[in-house]
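The values are calculated or read from the model by the stated rules, or taken from the named source; none is laboratory data. Worth saying up front: this structure is predicted, and the values here are computed from it rather than measured. Backbone-built Cβ (ideal geometry, glycine too); neighbour counts: all protein chains shown.
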Amino acid sequence: MSKSHLGHTARKRFGQNFLHDEYIIDQIVSSINPREGEFLIEIGPGLGALTEPVAESISELTVIELDRDLAQRLRQHPFIQDKLTIIEADALSVDFSALAKPNQLMRVFGNLPYNISTPLMFHLFEHCEHIADMHFMLQYEVVKRLCAGPGDKLYGRLSVMAQYYCETVPVLMVPPTAFKPPPKVESAIIRLIPHKNPPAKVSCINTLQRVVSAAFNQRRKTLRNSLKELIDDNSMLEIGVQPDARAQELSLGEFCSLANKISKVE
Ligand code: SAM
């Protein structure tokens with residue numbers, strides 16, 4: 001399979017797998033459902049597979065593209081150049097709060113470069129108060145992790161942290177054939193909706209991250225062992241968490257109770 005698509009040779013280091021399946025593109029755009037007046041931001045517009053149909057329904061679209069050649073192509077795009085605000089930058093270093101408009105939440109979407117999709121989502125979670133929703137193409141495995149709950153084999157740090165910030169909704173599976181060049185793995189679209197009323201709150205997010213990482217880094221161990229540096233048996237029992245339990249049995253609410261208990265003691 002040629003690595004060239006529409007005259008551009010895909011760059012592996014930028015995670016470039018371009019969508020070309022019209023049916024899948026339609027499905028994705030319908031699930032985003034862009035409407036005039038909304039504030040949409042696309043990460044990694046590439047050759048415009050999603051940018052063009054999204055820009056059809058709105059008059060302004062902000063895009064963030066790291067590849068200088070692709071950013072330049074978009075500046076010269078015959079149909080949509082006037083609608084685009086192009087930020088030529090690494091999305092990981094973009095301050096999304098600085099892009100926020102008063103009284104208008106942003107909607108973020110993109111067929112993400114898989115090599116940075118997890119750090120990028122964590123970066124966006126920090127700006128959740130400015131975001132109405134996010135639609136991302138990710139590896140199917142990552143989508144399953146984001147949506148997994150207690151007891152599920154794929155339940156882990158990513159599940160707990162993502163669900164702390166957002167409701168996670170799987171939308172659509174996408175086969176490798178929908179891309180040029182085709183990635184080695186199955187992909188899927190997920191919708192992430194930041195909680196307006198969070199189901200659980202912590203006083204210190206870093207403590208939640210520490211607890212969740214420590215518990216899942218040694219997921220076969222009981223919490224008594226994996227969290228022994230952070231909390232003792234009695235303190236766990238006081239908040240109704242069994243020291244003999246293992247990380248994969250704990251709900252988001254229980255992780256938050258552990259983090260809050262540790263924050264109080266520290
Ligand atoms: N949206 C296009 C599509 O669906 O065909 C391209 C998707 S391709 C999987 C990922 C896109 O993200 C590429 O255009 C790539 O150059 C861009 N990209 C890679 N790393 C990036 C980063 N750190 N910040 C912004 N864009 C990035």
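Tally the residues that are within 16 Å of the ligand (Cβ to nearest atom) and of a type in the set (S, T, N, Q), restricting the search to region 29-63. Number satisfying all stated conditions: 4. Criterion applied to 48, 44 was being surrounded by 17 or more Cβ atoms within 10 Å (Cβ to Cβ), touching an Asp or Glu at 6+ places or on another chain (Cβ under 9 Å) and at positive phi, and the one residue passing it is 44. Among the residues of region 227-259, those identified as in a loop (DSSP other than H, G, I, E, B) and hydrophobic (A, V, I, L, M, F, W, C) are 227, 230, 231, 239, 241, 245, 250. Screening region 19-28 for residues that are surrounded by fewer than 18 Cβ atoms within 10 Å (Cβ to Cβ) and in contact (Cβ under 8 Å) with a residue 40 or more places away in the chain and picking the one that is farthest from the ligand (Cβ to nearest atom) gives 27. None of 68, 73, 107 is more than 14 Å from the ligand (Cβ to nearest atom) and basic (Lys, Arg) except 107. Looking only at region 130-183, residues that are more than 22 Å from residue 198 (Cα to Cα), in contact with a helix residue (DSSP H, G or I) (Cβ under 7 Å, 6 or more places away or on another chain) and either among the basic types (Lys, Arg) or within 14 Å of the ligand (Cβ to nearest atom) (or both) come to 8 in all. Residues in region 80-100 that are of a type in the set (D, E, K, R) and either at pLDDT 95 or above or within 16 Å of the ligand (Cβ to nearest atom) (or both): 83, 88, 90, 95. Across region 217-240, the number of residues qualifying as of a type outside the set (Lys, Arg) and more than 29 Å from the chain's Cα centre (by Cα) comes to 13.
For residue 77, the conditions (1) assigned to a helix (DSSP H, G or I); (2) modelled with pLDDT under 95 all hold with the exception of (1). In region 110-129, the residue that is nearest to the ligand (Cβ to nearest atom) out of those that are modelled with pLDDT of 95 or more and polar (S, T, N, Q) is 111.
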